């Protein structure tokens, strides 16, 4: 009976996995199809002929390498700074006793429930006064804080034994040393988990970058891909080229996931065991 249950669960999970992965596979296959292949039999995965020139045509029609570089380096800096500040805030919320600590955490938690669009107007005005509109550094500065990372790290830091912290303080260690030499290494998987989630979210963000970036050389991949798709005119004639551009856009995400996925899985497994 138990074997049958495992088989049923495995079959259901396999079907769910196929349904989730199929759109990406379809996108990759469509990027090397001809227009007639895409619209004549769109569900067929194997094209009648492979049109690798779709990628060359996409690169010739738009500066995708520039878009990818802009997205990659800005997202990397954003993630590093977000984890830096989130670690310090989470450490203060869990290891320091000060007046208003619970109130401060309630405010942070409350901001997480607000739609991100509510911050666009004040952020736009601030960047305008700092002369950072249409600047990639403006995009970086406006994304220094990540409430989700703060909440995730706070929950992880709460599990650090108080005895370890007190012992380090007794030995004369500074709070900075305790944070980066004890607390952070003990929660490495959680930080990598937060980094993966933050990287995907920042890399895929479209609305805010589209509001502050209008120079073609400063566009990130999400904005550049949308303008590229709109500039091609007839969607039916340009669909394979758009899919080729989309396939180029997901390369950094796939690379980051392949590097960090084992830490992500380990973090989930550890959380389930502790729970």
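The values are calculated or read from the model by the stated rules, or taken from the named source; none is laboratory data. Remember, predicted model here, so these are calculated numbers, not experimental data. So basically every Cβ, Gly included, is an ideal-geometry build from the backbone, and we count neighbours across all protein chains shown.
Annotations for the structure displayed:
- Residue match in the range 162-180 (condition: under 16 Å from the mean Cα position of the chain (by Cα) and at pLDDT below 90): no
- Of the residues making up the range 22-47, those that are farther than 25 Å from residue 221 by Cα and touching a helix residue (DSSP H, G or I) at 6+ places or on another chain (Cβ under 6 Å) are 45, 47.
- Residue satisfying condition, being surrounded by 15 or more Cβ atoms within 10 Å (Cβ to Cβ) and on the phi < 0 side of the Ramachandran plot, within set 164, 160: 160
- Among the residues of the range 239-275, the ones that are farther than 20 Å from residue 210 by Cβ and either modelled with pLDDT under 80 or surrounded by fewer than 17 Cβ atoms within 10 Å (Cβ to Cβ) (or both) come to 22 in all.
- Residue check for residue 28: without any contact (Cβ under 8 Å) to a residue 24 or more places away in the chain and surrounded by fewer than 17 Cβ atoms within 10 Å (Cβ to Cβ): no
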